[in-house]
Number of protein chains: 2
Amino acid sequence: MSDHESTSSIAAFPPPGPKPALEEGTELTPRFDRDGLVTCVTTEAGTGEVLMVAHMNARSLALTLETGEAWYWSRSRGELWRKGATSGKIQHVVEMRVDCDQDAVWIKVRVGGDGGACHTGRRSCFYRVVSGAGPDARLLMADEAGPG
Amino acid sequence: MSDHESTSSIAAFPPPGPKPALEEGTELTPRFDRDGLVTCVTTEAGTGEVLMVAHMNARSLALTLETGEAWYWSRSRGELWRKGATSGKIQHVVEMRVDCDQDAVWIKVRVGGDGGACHTGRRSCFYRVVSGAGPDARLLMADEAGPG
């Protein structure tokens, strides 16, 4: 048995069933898109702040559940991505939820290291507020934008 | 000028620039995917609860900014979707943020009507907690799952 085969079993999820089972059932049957991904929203468990939006394939979703740490699929690098593996900013999963049609998950995490999630060094990837509309739309750093 | 042409101007966003402008700039230059969509995370402004994950095309993003109410693009119906238009559960946008690489937005909303966001009648689409891993993974209704 190859390394791949020896670990692939944990990536197997049952196929999505009909709508009643999908929406009201007790079985996790993710609806992966044509690229094999579901969307993941990650929030800080203590504050509720949205830290990032990323993607998970079956393998990273399974690894996240198995290990209790967030694993994503990096679309830009085309590889599994154990968040914080190099920086120490491991995301410890406090709770995972799935949405009604099972194409998105929400994880509440406690972040190791300095608590940051964004590659720019900021705590959250959502550090800019959109102000105005149309040609006048501008991005303001959240700290400058005042209370929302 | 057709109706389409008369309103399409507000859907125009400048094309994404190089990484420094994308990440640190003050211009909203959404990185729409191959289907012309960005991901939108919607949270309840008061509680921070994640209500839903949906998608916006240029038109719905522009309309959301123009009107202060959430407009999405329904992938299943292939049409613009003014959330709450029929149910009265209009989502009033308190703040919009954009993430580092501008392929996702986060809106904080106050919801009209009974405050619900999910088509199943629940407040949030994320009403089930994932418990366990591998073949033992099960979904529990959030109210039954205890504090996360």
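The values are calculated or read from the model by the stated rules, or taken from the named source; none is laboratory data. Quick caveat: nothing in here was measured; it's all calculated off a predicted structure. Cβ atoms come from the backbone with ideal geometry, glycine included; neighbour counts cover every protein chain shown. Just so you know, the surface numbers come from the protein's heavy atoms only, side chains and all, with ligands and any DNA or RNA stripped out. Shrake-Rupley method; radii C 1.70, N 1.55, O 1.52, S 1.80 Å.
For the reader, a short list of remarks on this structure follows.
- Taking the accessible area of the protein assembly as shown, probe 1.4 Å, and keeping the other protein chains in place, the carbon and sulfur fraction comes to 50%.
- Between helix A:58-67 and chain A there is an angle of about 90 degrees, using the helix long axis and the longest principal axis of the Cα atoms.
- Accessible surface, per residue, of chain B when the full set of protein chains is kept, probe 1.4 Å, Å²: 47
- Flagged links, alpha-carbon separation over 32 Å, of A:LYS19/B:LYS89; A:LYS19/B:LYS108; A:LYS19/A:LYS89; B:LYS19/B:LYS108: A:LYS19/A:LYS89
- GNM flexibility winner over chain A from A:THR64, A:THR47, A:THR26 (Cα, springs under 10 Å): A:THR26
- Average Cα contact separation per residue, segment A:3-115, under 8 Å, 6 or more apart, as relative contact order %: 26
- Translational diffusion coefficient (Stokes-Einstein; Kirkwood radius from C-alpha pairs) of the protein assembly as shown at 4 °C, 1.567 mPa s, in µm²/s: 66
- Relative contact order of segment B:55-118, defined on C-alpha pairs under 8 angstrom at six or more residues apart (%): 23
- For the residues B:THR86, B:THR43, B:THR67, a GNM of chain B with alpha-carbon springs under 10 Å puts the largest fluctuation on B:THR86.
- Choice from B:SER87, B:SER131, B:SER74 with maximal GNM fluctuation in chain B (Cα, 10 Å cutoff): B:SER131
- Remark on A:GLU69: its backbone amide H falls under 5 Å from those of A:VAL93, a criterion applied only to residues 5 or more positions apart or on other chains, H modelled at 1.01 Å from N.
- Working note: 222 nm ellipticity from helices only, DSSP H runs with n ≥ 4, each -39,500 (n - 2.57), summed and divided by the residues of chain B, gives -4000 deg cm²/dmol to the nearest 500.
- Cα-based shape type of segment A:3-115, given that a ≥ b ≥ c are square roots of the gyration tensor eigenvalues and the cut on a/c is 1.5: oblate
- Rounded to 5, percent antiparallel among DSSP beta bridges of the protein assembly as shown: 80
- Calculated FRET efficiency, A:ARG110 to B:ALA12, Cβ-Cβ distance, R0 = 35 Å: about 0.25 to the nearest 0.05.
- Counting DSSP beta bridges with both ends in segment B:3-115, the antiparallel % (nearest 5): 75
- Debye, to nearest 20: dipole size of chain A, +1 on Lys, Arg Cβ, -1 on Asp, Glu Cβ: 400
- At least 40 Å² of accessible area lost relative to the chain alone, listed for segment A:57-104 with a 1.4 Å probe: A:LEU65, A:GLU95, A:MET96, A:ARG97, A:VAL98, A:ASP99, A:CYS100
- Buried accessible area, chains B and A (both chains, 1.4 Å probe, Å² to nearest 100): 4500
- Alpha-carbon centroid distance for the pair segment B:47-123 / segment A:16-65, whole angstrom: 19
- Rounded to the nearest Hz, the phi-derived 3J(HN,Hα) couplings of segment B:79-90 under the Karplus curve 6.51 cos²θ - 1.76 cosθ + 1.60 (θ = phi - 60°) are 8, 4, 9, 7, 4, x, 4, 9, 8, x, 8, 4, where x marks glycine and proline.
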